[in-house]
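No value in this document is a laboratory result; all are computed from the given coordinates. Predicted, not measured: the structure shown is a model, and the values here were computed from it. As a convention, Cβ positions derive from the backbone with ideal geometry for all residues, glycine included, and neighbour counts pool all protein chains shown.
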Amino acid sequence: MTQPDLSDFLTIKDFCKQYSSIVSEGSLRWILFNASENGADCFVRRLGKRKLLISPKQFLAWLESNKRGGGDDYARKN
């Protein structure tokens with residue numbers, strides 16, 4: 001199993017700065033809080049109890065797979 005390159009991940013604040021036209025920090029935190037229901041856990045890496053890292057590439061793939069709304073489609077596929 002190959003390990004993902006951690007340089008591909010951003011903190012929540014850095015992600016929101018870079019992708020502010022797509023998602024606000026509050027919206028992203030809501031998505032992450034509900035990750036087990038909407039399939040968003042596919043683009044998140046948890047470090048300890050509080051630190052979260054986001055993969056922009058995987059986030060955009062998740063977003064594209066959910067363009068009709070409802071995150072359950074991605075969760076069922078993967």
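Filter the cross-link list LYS13/LYS51; LYS13/LYS67; LYS17/LYS57 down to pairs whose alpha-carbon distance in this structure exceeds 18 Å.
Values: LYS13/LYS51 11 Å; LYS13/LYS67 23 Å; LYS17/LYS57 15 Å.
Violating the 18 Å limit, Cα to Cα: LYS13/LYS67.
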What spacing in nm lies between the two simple spin-label points modelled at SER20 and ARG46, each 7 Å away from Cα in the Cβ direction? 3.0 nm
Go through segment 34-50 residue by residue and turn each phi into a ³J(HN,Hα) via Karplus (6.51, -1.76, 1.60, θ = phi - 60°); whole Hz please, and just put x for glycine and proline. 9, 4, 5, 8, 10, x, 5, 5, 6, 10, 10, 10, 9, 10, x, 8, 10
Could you derive backbone 3J(HN,Hα) for segment 22-27 from the dihedral phi with the Karplus parameters 6.51, -1.76 and 1.60 (θ = phi - 60°), listing whole Hz in sequence and x where the residue is Gly or Pro? 9, 8, 8, 4, x, 5
